[in-house]
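Visitor: Before I ask anything, here is the structure I am working with.
The values are calculated or read from the model by the stated rules, or taken from the named source; none is laboratory data. What you see is a predicted model, and the numbers here were worked out from it, not measured in a lab. All Cβ positions, glycine included, derive from the backbone under ideal geometry; neighbour counts span all protein chains shown.
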């Protein structure tokens, strides 16, 4: 296994194009007066078949209407679809109006993640046209919550914009706003089967999946746009204007239970060859990884780089850091290579992440590297500090760099050296520490030092207080 962990990085260091999720999992959090608006698009008007999927974490269920997703414009019959909480702890679904409103018998509670899939097939008998599947975060499979009657053989279309986080009734524009978090919203123009739902409800999926017409991962973690992962460009605008306003939901960490939440994937070049670095925020039954490479942007005929499976972390809610060196002699100077990540879970399912594509161009080794200048550290802190069991180290640099954080006691003894990570210029980086030393033992109470190192040299030191 050609696994390469960077401890001292004094080699030729050239940062290349890196695509990073905000997702170690990120999502949007709503406070009861904010929403995401997606402009009307024919792909969102589904007539006789429809599937809507989402993860939802309500933090307020007070009997008021709390809209999750809606293309309705009124309460009248012959309108489009809407999904909302009402009467405290029940979820309601409208597909064409009041007369066929569906109420789930399941009791939802606050501060808990739920998965919901609503499947409509107008070709089925009236009594079987709607199926709703629900799962708690701990469930391995979805449960058929209800099979419901629906009189319409087609869902009415309209020219209304689609809203995530409110119900959007035209005479009450701020009506029915949601409070809590929403993640992984998918809209399909097909009626998905239970087996397909079970296969992917805890996975990020490809934006090119057949029948998928809109897919918001909410992994941007910044900005005013929630991007559609399909080719339909159903991008969402946060709030009521294109700028920052009071109706913007907030980007926050997501704890919706996806099997692997890939936070970032970056590529750097050393004198030994390309180095791939990736971070996961959580993993569920992840056996390991494969890396694929091609000299064109085409995964289908890419070559697997690693001979042996790169070990995953199994199941963990803690961030994990990986580095891998591609020392292949087949690489050609001046050629740009494309790399992809693939995970393998215990069930034998593999998954290639849409955000896992990076490129790197092999430089001419006869060219001299630029003179190294020590990065400027804009900030370095630990939160919480004092800490009980775990903490996050936060820092921002003025340039791309390969860095690591080390923990020492006051006598200068090294306690723990965390894996190196690729830091991006002017981007707030977060490194998790579980409070254990290199022997996996918890530290005693006391004052410790944590040091930020670049190229094997410490450039900043702060204190950390541990309380047991």
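Visitor: Could you check how many residues of the stretch 122-144 are surrounded by fewer than 22 Cβ atoms within 10 Å (Cβ to Cβ), in contact with a helix residue (DSSP H, G or I) (Cβ under 8 Å, 6 or more places away or on another chain) and either in a strand (DSSP E or B) or in contact (Cβ under 8 Å) with a residue 60 or more places away in the chain (or both)?
Guide: Residues that pass the stated criteria total 1.
Visitor: Moving to a separate point now. Give the residue, chosen from 155, 118, that is in contact with a strand residue (DSSP E or B) (Cβ under 9 Å, 6 or more places away or on another chain) and at pLDDT below 90.
Guide: None of the others qualify; the one that does is 155.
Visitor: For the stretch 380-401, which positions are over 27 Å from residue 444 (Cα atoms) and over 23 Å from the mean Cα position of the chain (by Cα)?
Guide: 397, 398, 399, 401
Visitor: Further, regarding this structure: Considering (1) at pLDDT 85 or above; (2) more than 30 Å from residue 363 (Cβ to Cβ), say which one residue 256 fails and leave the rest.
Guide: (1)
Visitor: Test of understanding: among 276, 299, which residue is outside the structural domain of residue 117 (by TED's automatic domain parsing), in a loop (DSSP other than H, G, I, E, B) and in contact with a strand residue (DSSP E or B) (Cβ under 6 Å, 6 or more places away or on another chain)?
Guide: None of the others qualify; the one that does is 299.
Visitor: Going by the conditions given, is residue 282 crowded, with 20+ Cβ neighbours inside 10 Å and under 20 Å from residue 55 (Cβ atoms)?
Guide: Judged against the criteria, residue 282 is a match.
Visitor: Is it true that residue 455 is at pLDDT below 85, in the same structural domain as residue 396 (by TED's automatic domain parsing) and more than 28 Å from the chain's Cα centre (by Cα)?
Guide: Spelling it out, residue 455 is indeed at pLDDT below 85, in the same structural domain as residue 396 (by TED's automatic domain parsing) and more than 28 Å from the chain's Cα centre (by Cα).
Visitor: Name the residues in the stretch 208-219 that are surrounded by fewer than 23 Cβ atoms within 10 Å (Cβ to Cβ) and modelled with pLDDT under 85, would you?
Guide: Matches in the stretch 208-219: 208 only.
Visitor: Between a first residue in the stretch 338-352 that is more than 9 Å from residue 291 (Cα to Cα) and a second residue that is not in a strand (DSSP E or B), which pairs have beta carbons less than 6 Å apart while being 6 or more apart in sequence or on different chains?
Guide: 338/297; 345/259; 351/203
Visitor: Now for a different question. Among residues belonging to the stretch 406-431 that are under 29 Å from the mean Cα position of the chain (by Cα) and not in a strand (DSSP E or B), point out the one that is surrounded by the most Cβ atoms within 10 Å (Cβ to Cβ).
Guide: Result: 420.
Visitor: Determine which member of the set 61, 50 is crowded, with 23+ Cβ neighbours inside 10 Å, within 29 Å of residue 109 (Cα to Cα), in the same structural domain as residue 201 (by TED's automatic domain parsing) and in contact (Cβ under 8 Å) with a residue 40 or more places away in the chain.
Guide: Result of the check over 61, 50: 50.
Visitor: Related question: Please work out which one of (1) under 25 Å from the mean Cα position of the chain (by Cα); (2) in a loop (DSSP other than H, G, I, E, B); (3) at pLDDT 85 or above is the condition residue 27 fails and give its number.
Guide: Result: residue 27 passes all but (2).
Visitor: Could you list, in sequence order, the residues of the stretch 436-450 that are under 29 Å from the mean Cα position of the chain (by Cα) and either part of a strand (DSSP E or B) or crowded, with 17+ Cβ neighbours inside 10 Å (or both)?
Guide: Matches in the stretch 436-450: 436, 450.
Visitor: If residue 94 satisfies every condition in (1) assigned by TED's automatic domain parsing to the domain that holds residue 152; (2) in contact with a strand residue (DSSP E or B) (Cβ under 7 Å, 6 or more places away or on another chain); (3) surrounded by fewer than 17 Cβ atoms within 10 Å (Cβ to Cβ); (4) modelled with pLDDT under 90 but one, which is the exception?
Guide: Result: residue 94 passes all but (3).
Visitor: For the stretch 242-253, name all the residues that are under 17 Å from the mean Cα position of the chain (by Cα) and not in a strand (DSSP E or B).
Guide: 249
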